[in-house]
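Here is the structure we will look at, set down as structure tokens.
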Amino acid sequence: MRTRLPLLLIALACTSAACTVKEANEDGTSSEETAAQEPGTTNTPMPVEPDGGIGDGAPPLEDMVLGQESGLPDSDETTQEASQEALPKSFPTAIRGKWRETDGAAVTKAQCDGYQQDNMGKVLTVRADGYSYFETGGRFIEVKLREPGRIRAVFDTTYADEPTRDELEFTVDPVARTLTVRNFDTGERSTTMYRRCPR
């Protein structure tokens, strides 16, 4: 019974106009070729469209036309957007800590006390989620570049209900134990160097 059922299904399927059985004539040509040679007969093959609903694995025709199933790589813009979204909004570990603005000289513990009058606005504290100078600072809005010792990002620097933002780049030099902060905003472009505060 098992061998008859598939044969019966094949026989039923071949009775439709879409199925053509080739039979060999005595001269070696198929009946299909003979029919094409006879005048007044046409043997035009019937077009078959892939159907995704039957379970044959073919996607719907619309998807094939749009290229959704083509397997082609994403565009550069899509890849760049995805990589930007994947960058964590946090400072790399090498940048975190307390830093003091300097002209290159080593700093002391006393110079790292941000509450002293002479040090206000010069002591930078970098946390995982933001940075601060005494009462001001910034929190991440968008990260543009992130490496183990470098990050460039846009920060929300709003203070006293006045919305502001800065695009800054923090780069650490582990040998010199310095941190360079570059501000890329128009009108505020600056580069400031800091030394890591002693513990």
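Relative to its Kirkwood radius, the Cα radius of gyration of the stretch 115-199 gives an Rg/Rh of 0.95.
Over the stretch 89-143, the ratio between the Cα radius of gyration and 2.2 N^0.38 Å evaluates to 1.18. Over what distance in Å are the Cα centres of the stretch 145-194 and the stretch 88-137 separated? Centre-to-centre (Cα) distance: 12 Å. In terms of Cα atoms, the Rg and Dmax of the stretch 150-199 work out to 12.8, 40 Å.
Values quoted throughout were computed directly from the atomic coordinates according to the rules given, and no laboratory measurement underlies them. Everything numeric here is computed off the predicted structure, so don't read it as measured data.
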